[in-house]
Amino acid sequence: MHKTILITGATSGFGKAIAETFAAAGWNCILTGRRAERLKEISENLSSRFGVKTLSLAFDIQNKSAVFNAVAELPADWQSIDVLVNNAGLALGRDSFENASLDDWDTMINTNVKGLMYMSKAILPLFIKQQKGHIINIGSTAGKEVYKDGNGYCASKHAVDAISKAMRIDLLPHHIKVTAIHPGAAETEFSVVRFKGDENKAAQVYDGYQALQATDVANIVYYTANLPEHVCINDLTVTCLAQANSFYLHK
Ligand code: NDP
Ligand code: 8X3
């Protein structure tokens, strides 16, 4: 019997790599993101390569009703979900607090925090009915230590850390696992988005050392999701060899 995973932010980076890793292992995948065309291509590619079922749902995770409608409209044969990966997220800008854009703050909080909470709340009735399920939240080292000019993003990822801890406590009676994975610098579209399309500035983030790759994180998510029923990794921080934490990067 195939298992099913729902991954938010599956159009690139970690989410796309997580989808590939799970599909290669025979999991059916529900993929979400805003870029509908990319989602469709990725879904078709995974089902033809790995013979699994895929469902793509294009919506903006900041939009509360879009999130709840997408889950409410899941076809009957897609309502048994084993794992939810709350991965969709972004950083926008690296500016000192007094110069940071209010719009950037809104987008980061609405996506990284509220989007994650909406998605979890929408899926929970299914998990509670099953008395089983696994929520994997993608946090960040930015959610463990605040760094200079990281204000809004660090705040959003500290919130992911707190929400993960809160969920783990409240969902204990329902046998729902909650794992938070906190990666350090990883080479995805993340920095291009953060620097608003400035490819040179984005590339500099990964200059001079071997950063984490999306597949590294995907393999960890896969390991975490495939432990025995009674075992839950609560919190996991992962960096590349060159990085110790938010502050120390050896180039
Ligand atoms: P990418 O930019 O490659 O991927 C981000 C994904 O999030 C995309 O699929 C994007 O899809 C989706 N997304 C963004 N905003 C929304 C939205 N409003 N609604 C729906 N989907 C959205 O970056 P990463 O893969 O690196 O990032 C994934 C997660 O990992 C994020 O939460 C990020 O904060 C976190 N992270 C990243 C690190 C890194 O260094 N790369 C390190 C630690 C954590 P679309 O644009 O199609 O909507
Ligand atoms: C992404 C890692 O260091 O850019 O969450 O905040 S960092």
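Helix content alone sets the calculated 222 nm mean residue ellipticity of the chain: runs of n ≥ 4 DSSP H residues at -39500 (n - 2.57) each, divided across all residues, give -12500 deg cm²/dmol. Here the residues MET1, MET108, MET167, ranked from fewest to most Cβ neighbours within 10 Å of their Cβ, fall in the order MET1, MET167, MET108.
Label-to-label distance, GLN130 versus THR215, with points set 7 angstrom from Cα along the beta-carbon direction: 2.8 nm. The GNM of the chain, with springs linking C-alpha atoms under 10 angstrom apart, assigns the highest mean-square fluctuation among GLU41, GLU199, GLU98 to GLU98.
The fraction of all Cα pairs in the chain landing in successive 5 Å bins from 0 to the largest distance is 1, 6, 14, 18, 21, 17, 12, 7, 3, 1, 0, given as whole percents. Each residue in VAL238, VAL178 was given a count of other beta-carbon atoms within 10 angstrom of its own, and listing them fewest first yields VAL238, VAL178.
A cut-off of 5 Å between modelled amide H atoms, ignoring neighbours fewer than 5 places along the same chain, links VAL85 with LEU6, ILE7, THR8, ILE136.
Taking amide H as placed 1.01 Å from N in the peptide plane, GLY133 has its amide H under 5 Å from the amide H of LYS177, each at least 5 places away in sequence or on another chain. Residues in segment 194-199 carry Karplus couplings, in order, of 4, 9, 6, x, 7, 5 Hz; the curve used is 6.51 cos²θ - 1.76 cosθ + 1.60 with θ = phi - 60°, and Gly or Pro positions show x. Counted over the chain, the DSSP beta bridges are approximately 5% antiparallel.
Values in this text are rule-based calculations from the coordinates and carry no lab data. It should be emphasised that the depicted structure is a prediction, and the values quoted were computed from it without experimental measurement. As a convention, Cβ positions derive from the backbone with ideal geometry for all residues, glycine included, and neighbour counts pool all protein chains shown.
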